């Protein structure tokens, strides 16, 4: 099984490949997807637990209906855990 930190790095790299900027910050926010000056941005609070950061990445992937079929099987399986039938 892939370690959460490694999965986080993999999903962050994948989102960047999809032309989204991944920005880590600190503050009173959880994070999510937004558009700033025509750039698609995923904002993540780096003080949040890795599992919460992963949840944000997965929610963006699903919300934007990105094709994650090229990701490693473990990453695909992790994303599928959040898909509602």
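Condition check: within 11 Å of the chain's Cα centre (by Cα), surrounded by 15 or more Cβ atoms within 10 Å (Cβ to Cβ) and modelled with pLDDT of 95 or more. Does residue 11 satisfy that?
Yes, satisfied.
Restricting attention to segment 65-83, the residues that are surrounded by 12 or more Cβ atoms within 10 Å (Cβ to Cβ) and without any contact (Cβ under 8 Å) to a residue 40 or more places away in the chain total 4.
The values are calculated or read from the model by the stated rules, or taken from the named source; none is laboratory data. If you're wondering where the values come from, they're calculated on a predicted model, not measured in any experiment. Because the Cβ atoms are built from the backbone with ideal geometry, glycine has one as well, and the counts that use them run over all protein chains shown.
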